[in-house]
Amino acid sequence: MAEKQILVAGAGGFIGGHLVADLLRRGFTNIRAVDIKPLDEWYQVHDVNNIVADLRDLAACHTACDGATEVYNLACDMGGMGFIENNRALCMISVLINTHLLIAARDAGVDRYFYASSACVYNADKQVNADVVALKEEDAYPAMPEDGYGWEKLFSERMCRHFREDFGLTTRVARFHNVYGPHGTWDGGREKAPAAMCRKVIHAKETGDLQMEIWGDGKQTRSFMYIDDCLEGIRKIMASDIEEPINLGSNELVTINGLVDIVEDIAGVELQRSYNLDAPKGVNGRNSDNTKIQEYLGWEPGIRLRDGMAKTYAWIHGEYLARAEQEAPAAV
Ligand code: NAD
């Protein structure tokens, strides 16, 4: 097992950092971790071969894939709705990362290639009602995905398929639905709803200013998958025979207001809510249909939102307090 040479692309990010930790826990030692960010900005730094490189560049991908037997592509220029609705071109440029990694993986004779796709590939017409019918894999077509980010994901999924069909590269594609947990982005503009809600509630509690702004009317519905379920899903899908893109998400549906209720309950506060109807809010409703993953694997993500959010809240609280202490003027 330790013989496998594994490349994790995007290892300085949220899911990539957790994946490296998971691979180490499972006994793999030959791990190459690559990210474009300087090492001191990686969310987790593990004792593996850590490399700073821009994987939009084909030569960098060839170097990264050299000798690799498995590749996990989690590298992407992305963020929550606030980022992807305002940075469509940047999101689409990530197509270079997956395309060049696929070419390099083929040239290196990689055994298996994993691509992290997204629920943002799904046709927008299927997501207009908050009272949503969960999305099945075939609902991605006819194509009308999230502009920018979703188109890049859909195109990259197809690149994986055609590299499998034309070049015999074994590719696996999971469509992640909103992943959350500790060691993720929690402020700065790229954070997603669960982390943003935790930060806002913590800030209100710590400052005594007991109010918060919610993007949209709060009635939008979503499902959120805790990072441990995501890691288990990646592991199972990578080892499986599933050739077509498959949902990897929780089907515990919640409104954004319901998510805030959970965070308030964890924090032991109740805030006055205001709704910003002009802020980016994404589709009205989205949930994961898990029929296919159940059929293939007899498994689906099952960690309850309340449990995952309690761990996420505790971690963000620690980060918030550490930062506040750093920024506090030194006592005289
Ligand atoms: P993240 O932003 O925390 O991690 C992505 C990492 O990729 C970052 O550290 C970034 O620096 C790196 N990166 C960007 N451009 C790069 C480049 N040119 N070369 C090398 N590294 C580069 O995001 P994440 O939440 O860990 O997401 C990982 C993958 O999962 C992404 O493909 C994302 O689209 C997908 N995904 C995530 C979610 C979610 O809810 N987190 C949902 C759906 C899909």
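Since every read-out is calculated from the coordinates, none of them should be taken as a lab result. Since we're looking at a predicted model, the values are computed, not measured. Glycine also receives a Cβ, built like all others from the backbone with ideal geometry; neighbour counts cover every protein chain displayed.
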Using the Cβ atoms and a cut-off under 13 Å, what net charge is assigned to the surroundings of Thr291, where Lys and Arg are +1 and Asp and Glu are -1?
-4
Fewest first, what order do Ile6, Ile293 take by the number of other Cβ atoms within 10 Å?
Ile6, Ile293
Net charge, Arg106 excluded, C-beta distance under 11 Å - Lys, Arg +1, Asp, Glu -1:
-1
Give me log10 I(q)/I(0) at q = 0.10, 0.12, 0.15, 0.21 Å⁻¹ for region 40-190, Debye formula, one equal scatterer per alpha-carbon, no solvent.
-0.39, -0.56, -0.86, -1.44
Which translational diffusion coefficient, to the nearest whole µm²/s, is obtained for region 192-257 from the Stokes-Einstein equation, given a Kirkwood hydrodynamic radius over C-alpha pairs, 20 °C and 1.002 mPa s?
148
Listing Cys160, Cys61 by rising number of other beta-carbon atoms within 10 angstrom, fewest first, gives Cys160, Cys61
Mind checking the full-extension length gain between Trp315 and Arg26? Use 0.36 nm per residue of separation minus the Cα-Cα distance, one decimal, nm.
101.7 nm
Given the Cα-Cα distance of Asp125 and Leu58 and 0.36 nm per residue of separation, how much length would full extension add, in nm?
20.5 nm
Given the DSSP H assignment, sum -39500 (n - 2.57) over each helix run of at least 4 residues in the chain and divide by its residue total; what's the result at 222 nm in deg cm²/dmol, nearest 500?
-12500 deg cm²/dmol
Listed by chain and number, the residues whose amide H is under 5 Å from that of Glu191, excluding neighbours fewer than 5 places away on the same chain and using placed H, are Gly80
Over the chain, the quotient of the Cα radius of gyration and 2.2 N^0.38 Å is 0.99
Beyond 21 Å between alpha-carbons counts as too far, so tell me which of Lys153/Lys311; Lys126/Lys281; Lys126/Lys219; Lys192/Lys311; Lys4/Lys236; Lys126/Lys236 fall in that bin.
Lys153/Lys311; Lys126/Lys236
What's the local net charge at Tyr320, with K and R +1, D and E -1, over the other residues with C-beta under 13 Å away?
-2
Taking R0 as 35 Å and r as the Cβ-Cβ distance between Glu295 and Asn49, the FRET efficiency 1/(1 + (r/R0)^6), rounded to the nearest 0.05, comes to 0.40
Subtracting the Cα-Cα distance of Asp147 and Val269 from 0.36 nm times their residue separation yields 40.2 nm
